[in-house]
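Quick one: the structure is below, questions incoming.
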Amino acid sequence: MRITIDGRVLETSGAPTILDAARRLGISIPTLCEHRRLVPYAACRICLVEIAGRKLPAPACATPVEEGMEVITNSPKIQALRREVLDLILSEHPSACLICLEKENCEEAKSMIRKTGEPTGCILCPADGRCDLQKVVTEVGLKGLSHPMTYRGSGVRRDDPFIDRDDGLCILCGRCVRVCHEIRGADAIAFVARGSRVTVGTSMGKRLLDVGCLFCGACVDVCPTGALTERAVRYASKFEEQRSFICGLCGQGCRLGLRLRGGRPVDVRPEDGSPNDGQACVKGRFVIGDLLGHPKRFVRPMVRRAGVLVETSWEDALAAAGRGLAEHKGKTAVVCSARDSCEDLWALGRLSRDVLHASSVRLAEDSAAYLLGCPDGAEIYAPPMTVDELSQARIFFIFEESLHLTAPIFGVAVNQALLKGAKLVLVGDGEYCLDRYAAVRVKAGPAEAGGFLTSLLRVLINKNNSHDRGRPAGFESLRQVLRTLPPDSPTASVKLDRIVGFLEKRRPAAFIFGPRFVAGPWGHRNAALLWNLAGHTGGLYVPVGWEANARGAVEIMAEINRGAFPRSAELNKPRALILAGPDAAFKRAGEEFVVALDAFHGDAAAQADVVLPRTVFAEQEGMFVNAEGRLQFSSAAVTPAGEARLIRSIAADLARALGAGVPALETRDAAFKDLIGAVPSLAEAIRIVRGNRPALIAGKGFAAKGFVDIPDLDMTFDPAAAFPLRDPDDYLNFPTALEIKSLRTARRR
Amino acid sequence: MNRLLHPGHLEDWRKRLMDETVLIRRTIVVTAGTCGRASGALEIRDALRAEIDRLGAGDRVGLLVTGCHGFCEMEPSVVVQPEGIFYGKLKPADAAAIVKQTALAGKVVEKLACKIPTTGRVVARLEQIPFFKKQMRVLLENNLRVDPEKIEDYIRIGGYRALTKGLFDMTSEGVIEEVRRAGLRGRGGAGFPTAVKWGLCRKAAGHPKYIICNADEGDPGAYMDRSLLEGNPHAVIEGMILGAYAMGANEGFIYVRGEYPLAVENVGRAIEQARSCGLLGPAILGSEFHFDLQLIQGAGAFVSGEETALMASIEGRKAFPRQRPPYPAESGLWGKPTNINNVETWANVPLILDRGSAWYASIGTEKSKGTKIFSLVGRVKNTGLVEVPMGVTLREIIEDIGGGVPEGRTLKAVQTGGPSGGCLPAASVDLALDYETLAKAGSIMGSGGMIVLDDRTCMVDLARYYLHFLEEESCGKCAPCRVGTRLMSELLGRMTAGTADEADLARLESLAQTVKTASLCGLGQTAANPILSTLTHFRSEYEAHIREKRCPAGVCRELASSPDQPARPIGRKALKNKERGRS
């Protein structure tokens, strides 16, 4: 296609808008309501351009180019029209400062008078300096205002956590409403009322808490003015630099940008690119600043003296730890965390295996989601899948998971698909964020869901009988097994017809589940059934790990544990413990010596003999494997709080204190090289990352896409001995998690 | 109810229905549309029924309750058929005379009949009454013949005959070609050739396709669509089935504004009846074509009449319009090709197919074919719905049909096209009513609203009224319309209150241009029309308000003055002074 913009010719393919074409030519057209992630809206009328042969000017953002189109973006007529439209917009937006004669003098005195209840001009506005409207005023060249000012707002609304809303600053561009609907699918806010009284609001004027808002902050991020702001940093939003890091608060591995002023965090914004592509969630968006500098952080090592933990120096604490651990060499257990980077886990694992000869090294969290059908072997890991693949699915099965809380970015992908007409089958006995979108709701907990899955699989396999050529391995034996399994549960089978109907019309399917669904004695069977269902329908098998590095940790732990430990009952009773993973339920039982590597004051650390302050995710560089299986590298965005050290430094320090030959894993490069040399699955993924594809960790044992045996219920499973299933928000005893939990309770009301 | 599995079944049924009525000598038609019911038509109906029962004349005298016939000024009224004897402004007590003398004996009750005001001559028959004499009622006449609650009545007068013809004797392209030859243009206001629109939708890639009937009639003082839907809903349904057949759509929607409860009731019932007869649903009349209709109720927004807003509303979203292109024919409801036409357009389709495009094209002017229903209201003696062939002059409508402005008054202007339209000054009463002429004169045909204004109307106040309406009804999506209508309404308010100055007039004019050029949808783009057209023809009135603080028509309360006093604001301001003096 060939079009002319301001006399310049552009050859283009596809059907871009005039705005896209102009940008390609480097021609700037001012915009306000346009946002590159959102469907064109054409409401602000700032981007109007002239098109030869059309009576009325057209908005560049929403007008597709046509062959031979001649566009003029900057004729005096258009410029005058833009000024007039902007004049109209500003008559409803506090704009005293734009035309003030004292503007320049004011700049100097600004810091003194900025805070105010209701802004009347830019100088009093939290968005001053980063406001799109200010930019457009400059670009359009508006000099004066000709209409009387109308204040639309009635003060700043603060009924909700995290977000301040000031209708007086709102220009009704609709970006927040659209992002809430088009991207997040929360539909918490919408336009209310009509004509000059229209505002952005909620159903019946309720609080955001009561209308299904998940406080993802996407609306704040797209707001072009100061109408929506983050309360905590309302007047502190001018930052000096932005540093990228990988969020460690759940398994999604969102790339976030920490904004800093004078080296201290101001706020956090989601960054572009996979996996989160500009989206975040309530945790990543609003609480990381609090977390990093929280008053409950350990900033100095502590040692128990006369029964009381007292602060001391690193030398002292390490010496104490060294003495204690040396006594129980070979009888020490180590608890790691799947939230730590691969390098840190590897360093701690090597310390445990090669120096301490630990009796056991395990993860604090349940990693069952990534293991399949192997109660003890841990030999089969789920294959990778990407967010993009997930958003292509046309029917979703979600088991026992409030996806928007435990895996917000998967939640976004599911929303995108639901908006395009995908269907959702929600299985679980609780209440979930996605309840209101479910086409079929099966009330069955992890224990009962096995019956439902068996019935579904049986119906599908029997239906497919006649024309199913090239059956994958294990088909016949699977059918045999299905015959022997108990009959269908009557409650679930009522809905089976409908679900089977969906599955026949809609492919691919996605089966999404979290640790809760595969924990307990029925866990391995549930996982095996799901895997077989996914295999049979050609669907996606999507385990949702709750921890930042759950996938990586599973691989590393398998390598560390590979035949290295004598597992006699006597040795399994450890005398000393290194607690590097969070364990809110930890009760000291017979251990003589406990070293805690912790970041926040909490119950576990309070029982330790030595507490070594450790860094948290934004303070350390390292590699994380997210829930997709994607290898990502995070850099350190801030310096560690106080004297906190990285886990791998602490591991090296402890090795030195024990007087052992230190594996030189202190630097990131050394730890990384050693790790890659030892764990082939990671090495394989790294090899691929050097190409263009994302680095995805390959699942082991799934290459054949065959069926797996359905194991019997694991009757040896002892719930008391199993690790308690932790809350996904329980980050290192992270205090602000309490606030998020209360939010969730409020929402379920 | 009969389920019609074959076109022959329909004809058999029609024949049976026609035979049934042979015994009835005369029928009393009670017109009970919304307007009739408001003035007591149902009481008249009850009185007539009681009287017929009392005389035991049920086998000789029929009683038919229909929709509105258009002469709203005279409601409640009855027509005694077949003579067409018309009685208006009735009271229940008149029932005895009507049944005994007219229905049974065929005599005219003189004291109830219309009289020509100038001569006092009695005119009893419809075709003699000036209001009806000049009209050409091809659509509205059926309102007098059909009980909207009964599909049988519609079938008896030849209903669904056009459908049989379309489905079994013509191809889809043939139907479009017939509509093209008839020269039918959209009756919603813009006058876009219907066949072209249908052709675009037919050719558009994408499946399924949808068709919509826009019955969200929101112009103040206009109620053509309401009368058609209330009085003869099957005509609209038949038109839509034909349109769906022509375009290859299998699903349609009738979007009726929620403030029309009777229309909602009648259309809903009509859809049910058509469905149970096999005229809607799978295999219509045994053909391979299937089509079904859904009734959607609007929730009271003027802007929902804008096609893209209406579609958003059907989809369950807030009625915000969106930028066109893409036009609905390419991407409409749920992104699929969609055709949307006005009630009157759909109602014309069966007529064209039944009587032929040549007949239809013979009515009207060269470019505007067929008849058009106007709702004639305002300062005119006979208000009501008038159906005239395209090309008649305003004078014919106002003076011959409407009886002219009240005694002692002079015609000042005619407002056509509702809030989107404009005012035509008295000097242009000889203009022919067709799409092009009206547009050239600075107004639009619109959906058919026609408000007659005499010298007691203040044009500034009129513009203020419309702008206030638009300010309230703007959806608020795009900035020029949302802010612009409010500011223009405020400025006009100041003018009528006597607080405006010359600069305000200039500001009003420039605002009007901005809103017109920059707005997103038709509502905003035409929102300035009431101002621009009154400024063109009645600028002096604006100047009188601003410079002399005087309202020439004596309407604006705060500027009212007596002839012997120099112009001085009284009204609210004077009252305030008075109160202050007292206290």
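The values are calculated or read from the model by the stated rules, or taken from the named source; none is laboratory data. Just so it is clear, the structure is predicted and the values come from calculations on it, not from any experiment. Positions of Cβ are backbone-derived with ideal geometry, glycine not excepted, and every protein chain shown enters the neighbour counts.
Take the residues in the range B:529-542 that are in contact with an Asp or Glu (Cβ under 9 Å, 6 or more places away or on another chain) and not hydroxyl-bearing (S, T, Y), then tell me which one is nearest to B:K440 (Cα to Cα). Please lay out each step first, then the result.
From the range B:529-542, those in contact with an Asp or Glu (Cβ under 9 Å, 6 or more places away or on another chain) are B:531-532, B:534-535; that's our starting set.
Now narrow it down to the ones that are not hydroxyl-bearing (S, T, Y): B:531-532, B:535.
Values: B:I531: 17, B:L532: 14, B:L535: 16 Å.
This residue is B:L532.
May I ask you to list the residues in the range B:299-317 that are within 12 Å of another protein chain (Cβ to nearest Cβ), in contact with a Leu (Cβ under 6 Å, 6 or more places away or on another chain) and not hydroxyl-bearing (S, T, Y)?
In the first step, residues of the range B:299-317 are kept if they are within 12 Å of another protein chain (Cβ to nearest Cβ); the result is B:299-304, B:308-309, B:312, B:316-317.
Retained after the next criterion (residues that are in contact with a Leu (Cβ under 6 Å, 6 or more places away or on another chain)): B:303-304.
Listed by number, the list holds a single entry, B:V303.
Same structure again: Under the condition of being under 17 Å from A:S360 (Cα atoms) and more than 28 Å from the chain's Cα centre (by Cα), which residue from the range A:584-620 is surrounded by the most Cβ atoms within 10 Å (Cβ to Cβ)?
A:V595
Further question: With A:T229, A:T225 as the choices, which residue is within 14 Å of chain B (Cβ to nearest Cβ), out of contact with any Gly (no Cβ under 6 Å at 6 or more places or on another chain), under 23 Å from A:L133 (Cα atoms) and not in a helix (DSSP H, G or I)?
On the way: A:T229 fails: within 14 Å of chain B (Cβ to nearest Cβ).
After ruling out the rest, the residue left standing is A:T225.
Please pick out the residue among B:S533, B:S540 that is crowded, with 24+ Cβ neighbours inside 10 Å, more than 11 Å from chain A (Cβ to nearest Cβ) and either at pLDDT below 95 or in a helix (DSSP H, G or I) (or both). Walk me through how you get there before you give the answer.
Values: B:S540 fails: crowded, with 24+ Cβ neighbours inside 10 Å.
Checking each option against the conditions leaves just B:S533.
Conditions (1) in contact with a His (Cβ under 7 Å, 6 or more places away or on another chain); (2) modelled with pLDDT of 95 or more, marked per residue:
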{"residue": "B:G442", "(1), (2)": "no, no"}
{"residue": "B:M445", "(1), (2)": "no, no"}
{"residue": "B:G449", "(1), (2)": "no, no"}
{"residue": "B:R456", "(1), (2)": "no, no"}
{"residue": "B:E472", "(1), (2)": "no, no"}
{"residue": "B:S489", "(1), (2)": "yes, yes"}
{"residue": "B:L492", "(1), (2)": "no, yes"}
{"residue": "B:A497", "(1), (2)": "no, no"}
{"residue": "B:E502", "(1), (2)": "no, no"}
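Test A:A43 against the stated conditions and say whether it is among the aliphatic types (A, V, I, L, M) and under 24 Å from B:C481 (Cα atoms).
Details: among the aliphatic types (A, V, I, L, M): yes; under 24 Å from B:C481 (Cα atoms): yes.
So A:A43 fits the description; yes.
Is it the case that A:L86 is surrounded by 14 or more Cβ atoms within 10 Å (Cβ to Cβ), within 12 Å of chain B (Cβ to nearest Cβ) and either touching a His at 6+ places or on another chain (Cβ under 6 Å) or in a helix (DSSP H, G or I) (or both)? Spell out how you get there, then give the answer.
Numbers: surrounded by 14 or more Cβ atoms within 10 Å (Cβ to Cβ): yes; within 12 Å of chain B (Cβ to nearest Cβ): yes; either touching a His at 6+ places or on another chain (Cβ under 6 Å) or in a helix (DSSP H, G or I) (or both): yes.
Judged against the criteria, A:L86 is a match.
State the number of residues belonging to the range A:514-544 that are assigned to a loop (DSSP other than H, G, I, E, B), under 19 Å from A:A393 (Cβ atoms) and in contact (Cβ under 8 Å) with a residue 60 or more places away in the chain. Let's see the steps before the verdict.
Step one: of the range A:514-544, the residues assigned to a loop (DSSP other than H, G, I, E, B) are A:514, A:518-522, A:538-539, A:544.
Still in the list and also under 19 Å from A:A393 (Cβ atoms): A:514, A:538-539, A:544.
From the residues that got through so far, the ones that are in contact (Cβ under 8 Å) with a residue 60 or more places away in the chain too are A:514, A:539, A:544.
Result for the range A:514-544: 3.
Here's a follow-up. Just to be sure I understand, how many residues within the range B:478-489 are more than 8 Å from chain A (Cβ to nearest Cβ) and either within 20 Å of A:L32 (Cβ to Cβ) or of a type outside the set (S, T, N, Q) (or both)?
2
Output the number of residues of the range A:181-219 satisfying the condition of being out of contact with any strand residue (DSSP E or B) (no Cβ under 8 Å at 6 or more places or on another chain) and of a type in the set (A, V, I, L, M, F, W, C).
10
Has the range B:330-338 got at least one residue that is surrounded by 23 or more Cβ atoms within 10 Å (Cβ to Cβ), polar (S, T, N, Q) and away from every other protein chain (no Cβ under 14 Å)?
Scanning the range B:330-338, I find at least one residue that is surrounded by 23 or more Cβ atoms within 10 Å (Cβ to Cβ), polar (S, T, N, Q) and away from every other protein chain (no Cβ under 14 Å), so the answer is yes.
Hey, among the residues in the range A:1-20 that are among the acidic types (D, E) and not in a loop (DSSP other than H, G, I, E, B), which one's nearest to the chain's Cα centre (by Cα)?
A:D20
Restricting the search to the range A:89-101, which residues are in a helix (DSSP H, G or I) and either among the small types (G, A, S) or facing chain B (nearest Cβ under 10 Å) (or both)?
Within the range A:89-101, A:I89, A:L90, A:A96 qualify.
Consider B:A479 against the criteria (1) surrounded by fewer than 24 Cβ atoms within 10 Å (Cβ to Cβ); (2) over 26 Å from B:A441 (Cβ atoms): it satisfies all of them except one. Which criterion is unmet?
Condition not satisfied by B:A479: (1).
Which residues, taken from the range B:423-456, are under 17 Å from B:H537 (Cβ atoms), in contact with a Lys or Arg (Cβ under 7 Å, 6 or more places away or on another chain) and surrounded by 21 or more Cβ atoms within 10 Å (Cβ to Cβ)?
Residues satisfying the conditions are B:V452, B:L453.
Working carefully through the options A:G563, A:G581, find the one that is surrounded by fewer than 17 Cβ atoms within 10 Å (Cβ to Cβ), at pLDDT below 90 and part of a loop (DSSP other than H, G, I, E, B). If you could, list the steps in order and put the result at the bottom.
On the way: A:G581 fails: surrounded by fewer than 17 Cβ atoms within 10 Å (Cβ to Cβ).
It is A:G563.
Among the residues that make up the range A:31-48, is at least one of them small (G, A, S) and farther than 23 Å from B:G524 by Cα?
First, pick out the residues of the range A:31-48 that are small (G, A, S): A:42-43.
Adding the requirement that they be farther than 23 Å from B:G524 by Cα leaves none.
Checking the range A:31-48: not a single residue is small (G, A, S) and farther than 23 Å from B:G524 by Cα.
Let me ask something else. Among the residues of the range A:441-455, count how many are crowded, with 19+ Cβ neighbours inside 10 Å and free of Cβ contacts under 8 Å to residues at least 60 places away in the same chain. Steps first, please.
Taking the range A:441-455 first, the residues crowded, with 19+ Cβ neighbours inside 10 Å are A:442, A:444, A:446, A:449-455.
Then keep just the ones that are free of Cβ contacts under 8 Å to residues at least 60 places away in the same chain; that gives A:442, A:444, A:451-452, A:455.
The number of residues fulfilling the criteria is 5.
Return the residues of the range A:55-78 that are within 23 Å of B:G484 (Cα to Cα), surrounded by fewer than 24 Cβ atoms within 10 Å (Cβ to Cβ), within 11 Å of chain B (Cβ to nearest Cβ) and not hydrophobic (A, V, I, L, M, F, W, C); say none if nothing qualifies.
A:K55, A:P57, A:K77, listed by residue number.
Determine which single condition A:V266 fails, assuming it passes every other condition in (1) assigned to a loop (DSSP other than H, G, I, E, B); (2) away from every other protein chain (no Cβ under 14 Å); (3) of a type in the set (V, I, T).
The single condition A:V266 does not satisfy is (1).
Given the criterion more than 12 Å from chain B (Cβ to nearest Cβ), assigned to a loop (DSSP other than H, G, I, E, B) and either of a type in the set (V, I, T) or closer than 30 Å to A:V179 by Cα (or both), identify the matching residue among A:R23, A:R45, A:R36. Reasoning before the result, please.
Details: A:R23 fails: assigned to a loop (DSSP other than H, G, I, E, B); A:R45 fails: more than 12 Å from chain B (Cβ to nearest Cβ).
Being more than 12 Å from chain B (Cβ to nearest Cβ), assigned to a loop (DSSP other than H, G, I, E, B) and either of a type in the set (V, I, T) or closer than 30 Å to A:V179 by Cα (or both) holds for just one of A:R23, A:R45, A:R36, which is A:R36.
Conditions tested, residue by residue: (1) within 14 Å of another protein chain (Cβ to nearest Cβ); (2) assigned to a loop (DSSP other than H, G, I, E, B).
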| position | (1), (2) |
| --- | --- |
| B:T457 | no, yes |
| B:G493 | yes, no |
| B:D504 | yes, no |
| B:K516 | yes, no |
| B:L520 | yes, yes |
| B:G524 | yes, no |
